[in-house]
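Reviewing the structure listed below.
The values are calculated or read from the model by the stated rules, or taken from the named source; none is laboratory data. Since we're looking at a predicted model, the values are computed, not measured. Glycine gets a Cβ as well: all are built from the backbone with ideal geometry, and neighbour counts include every protein chain shown. Note: areas computed on protein heavy atoms with side chains; ligands, DNA, RNA excluded. Shrake-Rupley method; radii C 1.70, N 1.55, O 1.52, S 1.80 Å.
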Amino acid sequence: QPAQAPKHVCMLALVLSSASLLIGRPPLASPRATVRLCAAEAVVAEPAEEAVAVTAEPPRVRWEHLFAADLASWESIDQPEAKVALEEELERMEAGSAAELLGPAAVREQLIGCWKLLLAPEADAAMREGVTAGASAPHLSLCGHFQTFSKPDPMDVLTGKPATFMETCEVVADSRVGRAFSTTVKGGFHVDADPLGGLRTVEIYTQRDGAEEALPPNRWNCAHVGSEIRVARAPGGGQRVYCRVDAEAMRAELARLAAEAVEVDPKWAEQEAEQAAAEGAVEEVEDNRPLWQKRIDEADGIQRSANGTPIINHGPIGGSNDGPRTQ
């Protein structure tokens, strides 16, 4: 019996990508990626004697796609299978982490380098307003977050330069004016034992965009630090997932995100107009006095009300204490 032709079988592969990766880069309205299950073709040759049933592979995390995607929230993952697969993979990482056994010094050494935030809960302050607090207004949203941990430079002591060995740079989308901007904070960090268990990292910032400014510290527990992945547990328990990037790639991503077009949301202009109306903006009254009258009034120091009536401040008439009167 002649061999049958090869049969195409679809295997499910877990892919995390933003819409911009699939169809170009449209204006950024809400910088959130989504997770989807897509089909990846594989050619399976069937034996000549009998057909072999082929079952679909279970979803697996395609980290290379995750690394290439823009910042996303956990809530934006709209495929249950994808979310479960990712959660299980991270759970295995945390369970096998030796961070606490290695100790603070070893973890500090592992943190050295550049990191890109991939996922965080929407309720997490790092996602909601950013570590820099640059996205604290309602019309602002975080679309990129990168961190650099470095070793202190001994020359800073000799030159008097402020020692900064912790830097967080974030890109924020402004839907009111239709543009994105970047903001950077610098400071230091330390790793120590958490009284509640595990290792705690505290980031302390003293500069914002080159100016001296003290910011609230950013605290998180080190759940896992590897050669490529870092999992940080926020104070509320949410997972922040980072991947390691090189400095040049980080700079390129920051420049790309800052140059992205941002869709303008008209509701912000409407709210500003409503607010201005509520505050009762005073309409200017046209001054139609003749020029000679203006000169006389200015020389006499006469003030006028909104309708042009002179305000007389000579004092009360008939002993009344009613204050200024109009003529």
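Ignoring ligands, DNA and RNA, what percent of the 1.4 Å accessible area of segment 153-248 is carbon and sulfur?
So the carbon and sulfur contribution to the accessible surface is 54 percent.
Could I get the Rg over Rh figure for segment 144-225? Both from C-alpha atoms, Rh via Kirkwood, rounded to two places.
My calculation of the ratio gives 1.05.
Tell me which aspartates and glutamates have Cα within less than 14 Å of K116's Cα, excluding those fewer than 8 residues away on the same chain?
Cross-link targets: E64, D70, E167, E170, E228, D246, E248, E253.
Show the residues, 5+ positions off or on another chain, whose built amide H is closer than 5 Å to the amide H of R62.
L14, L16
Per residue, what accessible area does segment 65-158 have, given a 1.4 Å probe and all protein chains present, in Å²?
Computed with neighbouring chains in place, this is 45 Å² per residue.
For segment 136-213, run through the chymotrypsin sites (Phe, Trp or Tyr not before Pro) and keep only the ones in DSSP coil with at most 16 other Cβ atoms within 10 Å of their Cβ. Before the final figure, lay out the partial values.
Numbers: sites: F146, F149, F165, F181, F189, Y205; in loops: F165.
Here the sparse-neighbourhood loop sites are F165.
Which whole-Hz couplings ³J(HN,Hα) result when phi for each residue of segment 66-79 is put into the Karplus expression 6.51 cos²θ - 1.76 cosθ + 1.60, θ = phi - 60°, listed in order with x for Gly and Pro?
4, 5, 7, 7, 7, 4, 9, 9, 4, 5, 7, 6, 9, 10
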